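The values are calculated or read from the model by the stated rules, or taken from the named source; none is laboratory data. Keep in mind the model is a prediction, meaning the values are calculated, not measured. Methodologically, a virtual Cβ is constructed for each residue, glycine included, from the backbone with ideal geometry; neighbour enumeration extends over all protein chains shown.
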Amino acid sequence: MVLDIPGDLTEAALDRTRISQVVGNLLENAIVNTPEGGVVTVTAETGRSAVTISVSDTGPGITPEDAERVFDRFYRVDPSRSRATGGAGLGLTIARQLIESHGGAIWVDGATGQGSTFIFTLPLNRDSE
C-alpha cells in the first residue's frame, strides 16, 4: 500500500467517524480487487475549496457500464465473486450517501485491465454540525 498524504493537509469540518467509514469501504474494495503483488494507493490533496481523497488499485478495472452502476445498492460488478469476497454490495452505496451528506461528491475512474480509482471531494468551508 502506498500513502501519499501531505503533512500540511488542511482540516475539513466533518464527521470523522463517517469519513473513516468511507475510506475503510474504499480500501476494502481496492484490496479485494487487487491481485497478489498489486498496489493500492491512497492520496489526498487540498484545493481552494475542497479536499480530494483518492483510493486507486491495480485490479481488473471497471467498464463504463459498471462505473455508472457501482454505487447502486446491492450492485456487484462480478456477482460470481460474492461468495469468495464477502460483502453485501452496500459499501460503495454507503460511501456515496455519507460523502453526499457532507456536501461532497464521489465517483470512479478506470478502464478494464487498468485498475480503478475511487475519488471523493469534501468542501473545506462546511460549518461544523
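Data overview
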item: Segment 72-107: number of residues that are at pLDDT below 90, among the polar types (S, T, N, Q) and within 26 Å of R16 (Cβ to Cβ); result: 0
item: Some residue of segment 39-48 being over 20 Å from W107 (Cβ atoms) and surrounded by fewer than 18 Cβ atoms within 10 Å (Cβ to Cβ); result: yes
item: Tabulated pairs, segment 29-52, first in a loop (DSSP other than H, G, I, E, B), second loosely packed, with under 15 Cβ neighbours inside 10 Å, C-beta under 7 angstrom, 6+ apart or interchain; result: V39/V2; S49/N125
item: Candidates T43, T10 - the one that is hydroxyl-bearing (S, T, Y) and at pLDDT 90 or above; result: T43
